[in-house]
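Quick notes on the structure that follows.
The values are calculated or read from the model by the stated rules, or taken from the named source; none is laboratory data. Predicted, not measured: the structure shown is a model, and the values here were computed from it. All Cβ positions, glycine included, derive from the backbone under ideal geometry; neighbour counts span all protein chains shown.
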Amino acid sequence: IKKELLKAEKLNVVSQLAASVAHEIRNPMTTVRGFMQLLQGEVLSNEQKTFISISIKELDRAQEVINQYLSLAKPQTEEFEVFSLTEVINDSVEVMSTYAVMSSIKIKKNVAENLSIQGLKVEMQQVLINLLKNAIEAIKENGEIMVKALENKHGQIIITVKDNGGGMPKEQLKLLGRPYYSTKEKGTGLGLTVCYQIVKRMKGEIKVESKENQGTTFTIKLPIPNVNPR
Ligand code: ADP
Ligand code: MG
């Protein structure tokens, strides 16, 4: 328990710092990115084109880190709402499908209609996008991702994101969700931290099953919204 507390505390300090800095860094970055894009339209040597395209990619990566930090830092005072999970899943899959197609990956869906949950829509979308992004990155080529969502007989919502990518060894599973834990050369190691925190806030659970060279399944269990009597 002590360890958990320490972890939560560390995260809190990081979050507060990040929140104050992030807003001020975002604007100048947007300006720089805009000018870089303008330069792309000029007559340039191949080398110059490469430099500009790398610069834009790196700016986007920095932006992603900031976005993940911000969601860790978000004040938890925002009101939860009841919203359609089915819609959020459909949107998230659509957002990520361009990225998937670039690596010849198919995202399949088996999602029940009219699933509702309680929480923040943008946060749920971020959870799904983070999981889908990881799934895509775990697949070298010609992979398949399956997204399922249903209501079980105990009245809980079960969401699974399954990929047939590289998977993880057992020792690695224990480290998931730890801030900055990443095996990727350019990873932030914040994606799953954000997912775990958001799902926890929604009083849900995340479980991971994984086999090396076979794939990984993330399962999210969420309570069905309680109807507020007024
Ligand atoms: P990042 O993606 O920036 O590395 P994450 O927090 O999203 O950070 O993920 C942490 C690590 O967990 C990844 O670097 C990867 O090693 C592992 N991981 C997460 N999802 C998967 C997956 N679907 N398949 C294999 N490994 C995964
Ligand atoms: Mg990630």
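Miscellaneous remarks
Results for (1) in contact (Cβ under 8 Å) with a residue 40 or more places away in the chain; (2) away from ligand 1 (no atom under 14 Å from the Cβ); (3) in contact with a strand residue (DSSP E or B) (Cβ under 8 Å, 6 or more places away or on another chain), shown as yes or no for each residue.
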site: E87; (1), (2), (3): no, yes, no
site: V95; (1), (2), (3): no, yes, no
site: K106; (1), (2), (3): no, yes, yes
site: V127; (1), (2), (3): yes, no, yes
site: K133; (1), (2), (3): yes, no, no
site: E137; (1), (2), (3): yes, no, no
site: G143; (1), (2), (3): yes, no, yes
site: V147; (1), (2), (3): yes, no, yes
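- Contact map, segment 151-178: first residue within 14 Å of A112 (Cα to Cα) and free of Cβ contacts under 8 Å to residues at least 24 places away in the same chain, second residue away from ligand 2 (no atom under 16 Å from the Cβ) and not in a loop (DSSP other than H, G, I, E, B), Cβ cut-off under 7 Å, separation 6 or more or different chains; pairs are N152/I158.
- Wholly enclosed strands (runs of 3 or more DSSP E) of segment 57-161 bearing at least 2 residues surrounded by 16 or more Cβ atoms within 10 Å (Cβ to Cβ): 106-111, 116-119, 144-151
- Test: K121 is of a type in the set (K, R), modelled with pLDDT of 95 or more and farther than 20 Å from K207 by Cβ: no
- Selection count where residues are surrounded by 13 or more Cβ atoms within 10 Å (Cβ to Cβ) and near ligand 1 (Cβ under 8 Å from one of its atoms), scope segment 162-189: 14
- As a summary of the residue check, T193 satisfies the conditions (1) in contact with a Lys or Arg (Cβ under 6 Å, 6 or more places away or on another chain); (2) within 23 Å of L72 (Cα to Cα) except for the one numbered (1).
Yes/no matrix, rows are residues, columns are (1) out of contact with any His (no Cβ under 8 Å at 6 or more places or on another chain); (2) outside any loop (DSSP other than H, G, I, E, B); (3) at pLDDT 95 or above; (4) away from ligand 2 (no atom under 14 Å from the Cβ):
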{"residue": "G189", "(1), (2), (3), (4)": "yes, no, no, no"}
{"residue": "E209", "(1), (2), (3), (4)": "yes, yes, yes, yes"}
{"residue": "N226", "(1), (2), (3), (4)": "yes, no, no, yes"}
{"residue": "P229", "(1), (2), (3), (4)": "yes, no, no, yes"}
